[in-house]
Amino acid sequence: MDILRRQFFAHVGQTSPSPLAIEVARAEGSFFYTPEGRRYYDLVAGVSVSNVGHNNPKVVKAIQEQAADYLHIMVYGEMIVKPQVRYAEKICSLLPPKLQSVYFLNSGSEAVEGALKLARRFTGRHKMVSMRKAYHGSTIGPLSMMGSPEADEWKRPFMPLVPGVTSIPFNDFGALDAITERTAGVLVEPVQGEAGVRPPADGYLQALRRRCDETGALLIFDEIQTGMGRTGSMFALQKYGVTPDILCLAKAFGGGMPLGAFISSREIMSSLSHNPALGHITTFGGHPVCCAAGLAALDYLIENNIVEQVESKGALYEELLVNHPQVREIRRSGLLLAVELGDSAKLYRIMELFKEAGIMSDWFLFCDTAFRISPPLTISEEEIRDSSRIILSCLNRL
């Protein structure tokens with residue numbers, strides 16, 4: 001075991017007993033490389049982070065230029081920070097008129113925490129509704145919203161959590177009665193990610209919107225994985241035709257840098273600014289370098305029509321893989337795919353084979369029978385065909 005590997009296990013806090021522990025020397029486009037020069041197809045993209053590809057020149061240039069101007073100046077919300085303002089304006093120009101006020105943070109968990117506070121502050125209520133098999137982050141608020149009973153394995157060691165949370169099954173129209181006049185907010189992924197890529201049933205998000213309108217609850221979309229083009233629209237809310245009261249973004253939102261946000265109307269968002277003032281604050285949220293990177297990544301997506309290519313790229317993966325006898329089904333929204341094997345032992349074996357063959361994939365927190373394909377949105381047709389060839393060769397060995 002080399003020195004760096006020993007130091008990794010000795011001094012870096014671990015998230016599991018068996019990390020991948022692959023050392024990365026550099027990354028470019030759809031690939032990353034070890035110090036020995038071994039190449040891996042990155043079919044996870046940092047869990048839907050690296051949408052514009054690794055080491056994107058436009059993003060790197062924006063980071064370098066902003067870092068040369070200034071880094072952190074003051075806590076969030078006090079100073080006029082050009083990359084922050086420009087990014088907020090650009091994001092709002094792409095969203096419905098109802099979503100025009102951006103509160104920048106550092107991560108997806110923080111975005112969800114802020115959204116939960118905003119819903120409670122604006123409505124004066126405290127009860128929340130979430131979906132079963134939903135993942136929203138690991139801090140106490142998002143952890144409380146993880147759908148039980150499936151999430152109890154992760155929640156139980158940290159109880160008691162935030163009270164007043166009810167979990168209902170995603171796509172269950174009959175369960176919407178759990179949303180009442182005492183509900184502050186309903187938190188939902190438009191496409192469930194860690195459940196194993198579960199798109200909404202026809203009319204479900206519309207019914208959820210109507211129920212929130214009837215009860216006065218705020219509808220909160222967690223688009224931390226689906227936002228920034230992943231589903232084939234810039235935002236899944238556009239793909240499915242439903243506008244929430246609060247939108248949470250992170251992951252690809254920072255262009256590879258740590259950045260999150262929750263977005264709402266000016267009326268709703270302003271409730272955090274008084275009674276009390278500083279109702280929600282952050283030191284590093286909306287860091288100028290991170291906002292510069294996020295804006296550059298967004299501009300790259302738009303200028304190169306990347307999002308318009310996502311659906312056909314996802315469909316090509318599906319076409320190339322779906323007929324293999326080991327594949328039970330493929331669930332997909334754009335370039336977010338779950339390839340279902342129907343057996344956890346097969347899933348764990350395919351992960352070993354992928355690692356040997358130079359494929360980075362992963363499974364899902366609430367679905368350990370399917371593997372994930374969520375590459376950079378910039379992946380080429382040639383790379384899709386070549387990576388599918390390798391995947392099929394691994395499936396042949398099961």
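The values are calculated or read from the model by the stated rules, or taken from the named source; none is laboratory data. All figures in this text were calculated on a predicted structure; none of them were measured in a lab. We place every Cβ from the backbone using ideal geometry, glycine too, and count neighbours over all the protein chains shown.
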- request: Give the residues of segment 101-132 that are farther than 26 Å from SER273 by Cα and either surrounded by 24 or more Cβ atoms within 10 Å (Cβ to Cβ) or modelled with pLDDT under 95 (or both), sorted by residue number.
  value: SER130, MET131
message: I'm checking my understanding of the structure. Among residues of segment 293-308 that are of a type outside the set (A, V, I, L, M) and buried (at least 19 other Cβ atoms within 10 Å of the Cβ), which one is farthest from VAL85 (Cα to Cα)?
response: TYR300
- prompt: Could you count how many residues in segment 27-69 are over 20 Å from ALA250 (Cα atoms), of a type in the set (Lys, Arg) and under 23 Å from the mean Cα position of the chain (by Cα)?
  reply: 0
message: Which count do you get for residues in segment 186-209 that are under 19 Å from LEU116 (Cβ atoms) and of a type in the set (A, V, I, L, M)?
response: 4
message: Every residue in segment 354-383 that is out of contact with any strand residue (DSSP E or B) (no Cβ under 9 Å at 6 or more places or on another chain) and buried (at least 22 other Cβ atoms within 10 Å of the Cβ), please.
response: LEU377
- request: Give the residue that is nearest to GLN84 (Cα to Cα), with candidates limited to residues of segment 50-64 that are surrounded by fewer than 22 Cβ atoms within 10 Å (Cβ to Cβ) and touching a helix residue (DSSP H, G or I) at 6+ places or on another chain (Cβ under 7 Å).
  value: ILE63
- prompt: With ARG38, ARG5 as the choices, which residue is exposed (fewer than 13 other Cβ atoms within 10 Å of the Cβ), closer than 30 Å to ASP386 by Cβ and touching a residue at least 24 places away in the same chain (Cβ under 8 Å)?
  reply: ARG38
message: Being of a type in the set (Asp, Glu) and surrounded by fewer than 24 Cβ atoms within 10 Å (Cβ to Cβ) is the requirement here; does GLU223 meet it?
response: no
- line: Subset of segment 326-350, residues among the hydrophobic types (A, V, I, L, M, F, W, C) and within 12 Å of THR369 (Cβ to Cβ), comes to VAL327, ALA338, VAL339, LEU341, ALA345, LEU347, ILE350
- request: Could you tell me which numbered condition LEU335 fails, if it satisfies all but one of (1) at positive phi; (2) buried (at least 20 other Cβ atoms within 10 Å of the Cβ)?
  value: (1)
- prompt: Only one of GLU381, GLU352, GLU329 is out of contact with any Gly (no Cβ under 9 Å at 6 or more places or on another chain), without any contact (Cβ under 8 Å) to a residue 24 or more places away in the chain and acidic (Asp, Glu); which?
  reply: GLU352
message: So VAL47 passes all but one of these: (1) in the same structural domain as ASP362 (by TED's automatic domain parsing); (2) farther than 28 Å from LEU247 by Cβ; (3) of a type in the set (A, V, I, L, M, F, W, C). Which condition number does it fail?
response: (2)
task: Please determine, by comparing only the residues of segment 1-48 that are of a type in the set (A, V, I, L, M, F, W, C) and part of a helix (DSSP H, G or I), which one is nearest to PRO376 (Cα to Cα).
output: ALA45
message: Suppose the filter is touching a Pro at 6+ places or on another chain (Cβ under 9 Å) and within 29 Å of LEU116 (Cβ to Cβ); does PRO288 pass it?
response: yes
statement: Per the filter on segment 98-121, residues touching a helix residue (DSSP H, G or I) at 6+ places or on another chain (Cβ under 7 Å), part of a helix (DSSP H, G or I) and either not small (Gly, Ala, Ser) or not assigned by TED's automatic domain parsing to the domain that holds ILE140 (or both) are VAL112, GLU113, LEU116, LEU118, ARG121
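One line per residue, one yes/no per condition, for (1) touching a residue at least 60 places away in the same chain (Cβ under 8 Å); (2) surrounded by fewer than 22 Cβ atoms within 10 Å (Cβ to Cβ):
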site	(1), (2)
ALA175	no, yes
ILE179	no, no
GLN192	yes, no
ARG209	no, yes
- request: Could you please find all residues in segment 49-97 being polar (S, T, N, Q), assigned to a helix (DSSP H, G or I) and under 18 Å from GLU303 (Cβ atoms)?
  value: SER93
- prompt: Of all residues in segment 384-398, which are surrounded by 15 or more Cβ atoms within 10 Å (Cβ to Cβ) and not hydrophobic (A, V, I, L, M, F, W, C)?
  reply: SER387, SER388
